[in-house]
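J.: Please find one structure pasted underneath; my questions will follow.
The values are calculated or read from the model by the stated rules, or taken from the named source; none is laboratory data. Here the structure is a predicted model, which means the values were calculated and not measured. When we count neighbours, we look across all protein chains shown, and the Cβ atoms used for this are built from the backbone with ideal geometry, even at glycine.
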Amino acid sequence: MRKFFRYVGIFLGILVVAIVGFLIYFNFNYPAVDPPINIKVELTPERIARGEYLAKHVTICLDCHSTRDYSKFSAPIVPGSDGKGGEGYLEEYGFPGNIYSKNLTPAAIGNWTDGELIRAITCGVNKDNKALFPLMPYLNYNQLSEEDLYSIVAYIRTLKPIENQIPETELNFPLNLIVKTIPVKSYEPKKSIDTTDVLNYGKYLFTIASCADCHTQSEKGEPLPGMYCAGGMEFPLPGGTLRSSNITPDIETGIGSWSLERFLDRFRIYRNPESIIDVTPTEYNTVMPMTFYAGMTDKDLSAIYTYIQTLKPVKNKVEKFSAKK
């Protein structure tokens, strides 16, 4: 019996050494990304204006990195909170841990180089080489054209500094390890998209706006096969469960019957401040930042519509909201 326990002890000892060795190797080698590039982005008025448009209305950086007011429909940001971070995406709402958006203002990233910002936006690691949770859609932002990327960096540099102490993100096991394997090795500079090529321009905008991320059901972080943009992703809210819409061109359950004007009007209405009505915690609300997307130009929204119409139609009837009983 003693011999048995001795062998068990030896086995457990070897196992512990192997696990420790693996963790040392893994943490040393991941995330596997290139060093930040050495660059200084020129802050031209044109870049700052373009970056503001993108950050507020297309890539909607300020949606997650500001304070949202959930007492109003679509939760517009609280004035004066631009980029301060601190929004919590918590385990109680179905997330795999407690995730907090970071402070993007110069109060927090004033000592970051432009190369470090570019790497964070497009590859998914911070200044300290820590992997970002892909709720930050860096996999999509890796497709940004070089000039649009520089414009976003330029705009972020102009944000008003706001001091804000933010808790550290804590992910559950094993995602706390898996997340280190997701970052992209590098960003390859991409040419600006020809805006007259409406289909490809629409695809570009659709990608950097991360439309598919919310409108595709997933399981354990993986999109369900055959359900691309067919809606049904669930968002637990205090008053019930919200589900994303089917935006494929299916006639019956998607938006295949929508005209361009109907699609545009779906966003245009939120350009009027009177459309942003007050809601109580138990009433229907949406996490889709309509007040942000409403600021997109009709030209850009039209391009997105054109691209959506080329998606594969998927029949999937979605119950938009089910209230708590």
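J.: Sort through ILE156, ILE178 and tell me the only one that's among the β-branched types (Val, Ile, Thr), modelled with pLDDT under 95, assigned to a helix (DSSP H, G or I) and not assigned by TED's automatic domain parsing to the domain that holds GLY295.
T.: ILE178
J.: Among the residues of the range 26-75, write down those that are of a type in the set (Phe, Trp, Tyr) and under 24 Å from THR297 (Cβ atoms). Steps first, answer last, please.
T.: Step one: list which residues in the range 26-75 are of a type in the set (Phe, Trp, Tyr), which gives 26, 28, 30, 53, 70, 73.
Matches in the range 26-75: TYR53, PHE73.
J.: Among the numbered conditions (1) modelled with pLDDT under 95; (2) buried (at least 18 other Cβ atoms within 10 Å of the Cβ), tell me where TYR93 comes up short.
T.: Only one criterion is unmet by TYR93, namely (2).
J.: Return only the number of the condition from (1) surrounded by fewer than 22 Cβ atoms within 10 Å (Cβ to Cβ); (2) among the aliphatic types (A, V, I, L, M); (3) assigned to a helix (DSSP H, G or I) that LEU149 does not satisfy.
T.: Going through the list (1) surrounded by fewer than 22 Cβ atoms within 10 Å (Cβ to Cβ); (2) among the aliphatic types (A, V, I, L, M); (3) assigned to a helix (DSSP H, G or I), LEU149 breaks only (1).
J.: Starting from residues that are in contact (Cβ under 8 Å) with a residue 40 or more places away in the chain and basic (Lys, Arg), keep the ones in the range 295-325 and report whichever is nearest to TYR204 (Cα to Cα).
T.: Residues of the range 295-325 that are in contact (Cβ under 8 Å) with a residue 40 or more places away in the chain, as a first pass: 295-296, 299-300, 302-324.
Among the residues that remain, those that are also basic (Lys, Arg) are: 299, 312, 315, 317, 320, 324.
Values: LYS299: 13, LYS312: 17, LYS315: 25, LYS317: 27, LYS320: 27, LYS324: 38 Å.
By that ranking, first place goes to LYS299.
J.: Anything in the range 44-57 that is touching a helix residue (DSSP H, G or I) at 6+ places or on another chain (Cβ under 9 Å) and more than 16 Å from GLU146 (Cβ to Cβ)? List them, or say none.
T.: ILE48, ALA49, GLU52, TYR53, ALA55, LYS56, HIS57
J.: Can you name every residue in the range 236-268 that is in contact with a Gly (Cβ under 8 Å, 6 or more places away or on another chain), closer than 21 Å to THR291 by Cα and either assigned to a helix (DSSP H, G or I) or of a type outside the set (Ser, Thr, Tyr) (or both)?
T.: Once the filter is applied, which keeps residues that are in contact with a Gly (Cβ under 8 Å, 6 or more places away or on another chain), closer than 21 Å to THR291 by Cα and either assigned to a helix (DSSP H, G or I) or of a type outside the set (Ser, Thr, Tyr) (or both), the range 236-268 yields PRO236, ARG243, ASN246, ILE247.
J.: For GLY115, only one of the following conditions fails: (1) within 23 Å of ALA209 (Cα to Cα); (2) within 19 Å of the chain's Cα centre (by Cα); (3) of a type outside the set (S, T, N, Q). What is its number?
T.: (2)
J.: Assess whether TYR53 counts as being out of contact with any Phe, Trp or Tyr (no Cβ under 7 Å at 6 or more places or on another chain), outside any helix (DSSP H, G or I) and either of a type in the set (Phe, Trp, Tyr) or free of Cβ contacts under 8 Å to residues at least 24 places away in the same chain (or both).
T.: no
J.: Which of (1) touching a Pro at 6+ places or on another chain (Cβ under 9 Å); (2) modelled with pLDDT under 95 does PRO189 not meet, given it meets every other one?
T.: PRO189 satisfies every listed condition except (1).
J.: Collect the residues in the range 99-117 that are touching a residue at least 60 places away in the same chain (Cβ under 8 Å) and of a type in the set (Phe, Trp, Tyr), keeping them in residue-number order.
T.: TYR100, the sole residue that qualifies.
J.: Can you pull out every residue in the range 56-76 that is free of Cβ contacts under 8 Å to residues at least 60 places away in the same chain and among the β-branched types (Val, Ile, Thr)?
T.: Hit for the range 56-76 is THR67, nothing else.
J.: Quick check on the range 114-141: of everything there that is of a type in the set (Gly, Ala, Ser) and crowded, with 21+ Cβ neighbours inside 10 Å, which residue is farthest from LEU104 (Cα to Cα)? Even if it seems obvious, please write down each step before you answer.
T.: Applying the first criterion (of a type in the set (Gly, Ala, Ser)) to the range 114-141 yields 115, 120, 124, 131.
From what's left, crowded, with 21+ Cβ neighbours inside 10 Å: 120, 124, 131.
On the way: ALA120: 11, GLY124: 14, ALA131: 16 Å.
Only one residue fits best here, namely ALA131.
J.: Of the residues GLU222, GLU234, GLU163, GLU170, which is under 17 Å from the mean Cα position of the chain (by Cα) and either closer than 23 Å to ARG68 by Cα or crowded, with 19+ Cβ neighbours inside 10 Å (or both)?
T.: After ruling out the rest, the residue left standing is GLU234.
J.: Here's a follow-up. Among the numbered criteria (1) over 30 Å from LYS190 (Cα atoms); (2) touching a strand residue (DSSP E or B) at 6+ places or on another chain (Cβ under 8 Å); (3) part of a loop (DSSP other than H, G, I, E, B), which one does MET227 miss?
T.: Exception for MET227: condition (1).
J.: Go through the range 298-325 and give me each residue that's part of a loop (DSSP other than H, G, I, E, B) and closer than 15 Å to ARG266 by Cβ. Working first, answer last.
T.: Pass one, the range 298-325, residues part of a loop (DSSP other than H, G, I, E, B): 309-320, 324-325.
Across the range 298-325, the qualifying residues are GLN309, LYS320.
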